[in-house]
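Presented below is the structure to which this report refers.
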Amino acid sequence: MIIKNAKFYLGGKVVIKDILIEKGKITGIGKFKGEGIDANGLFALPGLIDPHVHLRDPGLTYKEDFHSGTRAALAGGFTTVLDMPNTTPPTTTVKSFKQKQVIAKKKAVCDYGLHFGATKNNFNEVKKAKPNSMKLCMGKTTGNLLVDDVYSILKHFSSFPKEKPLIVHAEDAETLEAIEKMKKGRAEIAEKIAVEKARLLAEQTDRVVYFAHTTTFEAVHLAKIWKKSLVEVAPHYLFLSREKDGKRLGKFSKVYPPLRSEAERRELWGALYFVDSVGSDHAPHTSQDKKKSSAGFPGLETTLALFLNAYNEGKIELPWIINRMAENPAKIFGLNSKGRIGKGYDGDITLVDLKEGWKVSADDFESKCGWTPYEGFTLKGRVKKVFLRGNLVVDDSKVVKEVKGKRVL
Ligand code: DOR
Ligand code: ZN
């Protein structure tokens, strides 16, 4: 495969060159003879990596599964996704970890990895399964993966390999409970207390900790006091707010952590320099389930476009997008063949039209959930073609081909 006349960042500069992909790997960058696909007018990004998706498989496959979820990933410009453990059964034992590997191998049409889940007593399972990453929920959310006591948190923090990312959902269970009793919603303080707790425990155990979906400027900075903290942002805390979107979306606005105030949303933009990665936190629920109070938003098919739109509005630079959505996730999770356009890397390329405007409509999406909190938004910047290990899998913004996904984590 030759991608001709691709415009992309190479060593910090924008270049226009051909990209040669052989046997799934990038083998040359320059000028090549022969048939190819013309990328003229499009911008090439490394195939994006989403470190935070909930593909619901097994157990809740009416909401999403490894097939529909990975198709949604491709449509959104992602060539690799890392799946969260709050499925049914949860990915907290050797058995369920293996079971999910079998399912993913059969159904995934982009590359993937699986995060293991921490419980209050699965220390031996973690040791036996030897996962490369683990998720620990300090506050209750979808599923029942709760580790809310300091003893168990500390035990996981000290026994899980120190340099492997331990992902924390930082909302303090006890604080959430108190807030609920006082009928004041899930205030920001539950996150700040949990970030403080996790950060201090990470510092004490000298370990890498990865804070999922940090929602405020202050939370980002509290996390970053410890040098081995990694911080993720999710799009909804940057593009939606309680005041702006809470009313519009009604029950559909429910998400953990909850949408923050408009002032906090704006402030979070000021923290982006310190943020390590973007996770879509693709958490699909059907409309019917949303009406019954399920928490979470789909995100795979809108996240990149929202950031491209922000780029068009002068709010963010392209290198930030490339770094936080490809290079850094690859580095953090040890995906050595991913995240860059360069010789020796996998031939994963996302071609976007930076100027094309389009209207978001869930009817056009691959996700099974059938709705999006961004319905009707007009965005400038669109995924046009995607290559997965040299295969053209998205063309003209539509999934056109399926190749078997490969496990990378
Ligand atoms: O709103 C949420 N939904 N927050 C989470 O942490 C989990 C997610 C889900 O799996 O539905
Ligand atoms: Zn999540």
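Just so you know, in the stretch 385-401 the residues that are within 22 Å of the chain's Cα centre (by Cα) and basic (K, R) include one that is nearest to K359 (Cα to Cα), and it is K398. Within the stretch 155-189, the residues that satisfy the criterion of being among the hydrophobic types (A, V, I, L, M, F, W, C), at pLDDT 95 or above and within 15 Å of ligand 1 (Cβ to nearest atom) are I167, V168, A170.
Listed here are the residues, each with its yes/no results for (1) more than 16 Å from ligand 1 (Cβ to nearest atom); (2) without any contact (Cβ under 8 Å) to a residue 12 or more places away in the chain; (3) within 22 Å of T175 (Cα to Cα); (4) of a type outside the set (V, I, T).
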| site | (1), (2), (3), (4) |
| --- | --- |
| E196 | yes, no, yes, yes |
| R199 | yes, no, yes, yes |
| T205 | yes, no, no, no |
| V220 | yes, no, yes, no |
| A223 | yes, no, yes, yes |
| K244 | yes, no, no, yes |
| L249 | no, no, no, yes |
| A271 | yes, no, no, yes |
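Within the stretch 252-269, the set of residues being within 13 Å of ligand 1 (Cβ to nearest atom) and among the charged types (D, E, K, R) comprises K254 only. The single condition among (1) surrounded by 17 or more Cβ atoms within 10 Å (Cβ to Cβ); (2) within 21 Å of I332 (Cβ to Cβ); (3) away from ligand 2 (no atom under 16 Å from the Cβ) that I193 does not meet is (2).
Residue count for the stretch 21-78 under the criterion of being under 26 Å from K380 (Cβ atoms) and acidic (D, E): the result is 2. Within the stretch 251-269, the residues that satisfy the criterion of being in contact (Cβ under 8 Å) with a residue 24 or more places away in the chain and over 17 Å from the mean Cα position of the chain (by Cα) are K251, F252, S253, K254, P258, R260, E264, R265, E267, L268, W269.
The criterion of at least 3 residues that are within 27 Å of V233 (Cα to Cα) is met by the following strands (runs of 3 or more DSSP E) wholly inside the stretch 1-99: 2-10, 43-46, 48-53, 78-83.
The values are calculated or read from the model by the stated rules, or taken from the named source; none is laboratory data. Please read all numbers here as calculations on a predicted model, not as lab measurements. Please note: Cβ atoms are built from the backbone with ideal geometry, for glycine as well, and neighbour counts cover all protein chains shown.
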